[in-house]
1. Residue under question is Thr26, and the condition is that it be closer than 25 Å to Gly123 by Cα and away from the ligand (no atom under 13 Å from the Cβ); does it hold?
2. Identify all residues within region 2-23 that are touching a residue at least 40 places away in the same chain (Cβ under 8 Å), more than 15 Å from Ala128 (Cα to Cα) and more than 9 Å from the ligand (Cβ to nearest atom); write none if there are none.
3. Could you tell me which residue of region 33-58 is surrounded by the fewest Cβ atoms within 10 Å (Cβ to Cβ), considering only residues that are within 27 Å of Leu144 (Cα to Cα) and in contact with an Asp or Glu (Cβ under 9 Å, 6 or more places away or on another chain)?
4. If you check Ile81 against the conditions, is it within 16 Å of Leu151 (Cβ to Cβ), in contact (Cβ under 8 Å) with a residue 40 or more places away in the chain and aliphatic (A, V, I, L, M)?
5. If I filter region 162-210 down to residues being among the hydrophobic types (A, V, I, L, M, F, W, C) and not in a helix (DSSP H, G or I), which single residue comes out as nearest to the ligand (Cβ to nearest atom)?
6. Any residue at all in region 59-79 that's away from the ligand (no atom under 12 Å from the Cβ) and surrounded by fewer than 24 Cβ atoms within 10 Å (Cβ to Cβ)?
7. What is the number of the single condition among (1) surrounded by fewer than 16 Cβ atoms within 10 Å (Cβ to Cβ); (2) more than 14 Å from Gln284 (Cβ to Cβ) that Arg200 does not meet?
8. Tell me whether region 277-295 contains one or more residues that are within 16 Å of the ligand (Cβ to nearest atom) and at positive phi.
Amino acid sequence: MRVGFIGLGAMGFPMAQRVVNAGFSTVTMFHKHREPADALVKLGAQIVFTPAEVARASDVVITVLPADAQLESVVFGSEGILGGFSPGKVLIDMTTCTAMTLLKVEQAIQAAGGRVLDAPVSGGTVAAAAGTLTIMVGGDASLLEEYRPLLAAMGNSIFHVGATGQGKVIKITNQAMAAIHLLAMGEAFTLGIRCGADPRTMYEVIRHSSGHSRIMDLRLSDFLFKGNFKPGFKLDLMKKDVMLALESAKASGVPTFLTSTAAQIFTAASNAGLGEVDYSAAAQFLAEMAQSSLKHEPAESEKGQANQQ
Ligand code: NAD
């Protein structure tokens, strides 16, 4: 099976590395920065120059792009995937974007004799590098079984969630919750700190209590406590995901009080210049509104404990 891989960013690059290292014959291309593609060549991949060439040289093409606009351009653009598609080929799209765009892509791919799997991911860059992503797959169940060994190179929790487009629906729902959890943590920790609580003590207690969320484990020790906002997951991509949830809520008439507030905060944080840093900066942004900070250097006596977390 020849695999084409398009989109070598924070997620796509470690995912593509795992695909190459798992022994799949892989062809890729670069966009803006050549280094990730060159690094894949060192592992055994081949480089071509356009999405059409990637599709021509592959049996299955994987896309991990920022959002709807980039997916549409990679598929429908003048040198897009469709130009190199022929009957029997498969597109696996792992982008977080709308179901509507994916269904438009599927219609065009099917007209060219191809098939599509909708397979967005969760778990972040650490899980991408470790091959422990959650992959939520919409599309034909037998097509998923055909490509499960390829997906298993990238993720270890692979769910069939329904028809094409349902992967995007569940991913966007997850993102609305992750955004709200981050902001809830930012606001509540700011309150605790302003009332005198020690941030690490709060984390230790709350992770054994009902306020706990996975976002605390993913974003407190390595990001907020250290004041480290190297992405990770860019704040503007999380803003995009929250906006996708709002668009979908508008179309379906669902009231979304908390997601709407999250969208306002992510928009304000982006306008304050935080769009390209890790999305956890939105929690620090809330803390700063209270003249506070979530950054916390452990005391000498706490250092051993902090390293164990
Ligand atoms: P990123 O911005 O780091 O990477 C996107 C990559 O796509 C870049 O390398 C860019 O050059 C490439 N690209 C853009 N337009 C292109 C084009 N026309 N042709 C070829 N390549 C093009 O983003 P990311 O963090 O890797 O996220 C990718 C997707 O995965 C997004 O939809 C995001 O929402 C989702 N996601 C990200 C994370 C995370 O933690 N970073 C976690 C889960 C899901």
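1. Values: closer than 25 Å to Gly123 by Cα: yes; away from the ligand (no atom under 13 Å from the Cβ): yes.
Yes: the conditions hold for Thr26.
2. If the condition is that a residue be touching a residue at least 40 places away in the same chain (Cβ under 8 Å), more than 15 Å from Ala128 (Cα to Cα) and more than 9 Å from the ligand (Cβ to nearest atom), then Arg2, Val3, Gly4 are the ones that fit.
3. Ile47
4. Values: within 16 Å of Leu151 (Cβ to Cβ): no; in contact (Cβ under 8 Å) with a residue 40 or more places away in the chain: yes; aliphatic (A, V, I, L, M): yes.
No.
5. We begin by selecting, within region 162-210, every residue among the hydrophobic types (A, V, I, L, M, F, W, C); these are 163, 169-170, 172, 176-180, 182-185, 188-189, 191, 193, 195, 197, 202, 205-206.
With the extra rule that they be not in a helix (DSSP H, G or I), the set shrinks to 163, 195, 197.
Numbers: Ala163: 20, Cys195: 32, Ala197: 29 Å.
Selected residue: Ala163.
6. First, pick out the residues of region 59-79 that are away from the ligand (no atom under 12 Å from the Cβ): 59-60.
This time we only want the ones that are surrounded by fewer than 24 Cβ atoms within 10 Å (Cβ to Cβ), so: 59-60.
Looking for residues that are away from the ligand (no atom under 12 Å from the Cβ) and surrounded by fewer than 24 Cβ atoms within 10 Å (Cβ to Cβ), one finds at least one in region 59-79, hence yes.
7. Tallying (1) surrounded by fewer than 16 Cβ atoms within 10 Å (Cβ to Cβ); (2) more than 14 Å from Gln284 (Cβ to Cβ), Arg200 fails exactly one: (1).
8. The first filter runs over region 277-295 and keeps only residues within 16 Å of the ligand (Cβ to nearest atom), leaving 277-283.
Next, only the ones that are at positive phi stay: none.
No, that holds for no residue.
Taken together, the values in this text are just the output of simple stated rules run on the coordinates, not laboratory data. Given the structure is predicted, the values throughout are model-derived calculations rather than measurements. Heads up, the Cβs are rebuilt from the backbone with ideal geometry, glycines too, and the neighbour counts pull from every protein chain shown.
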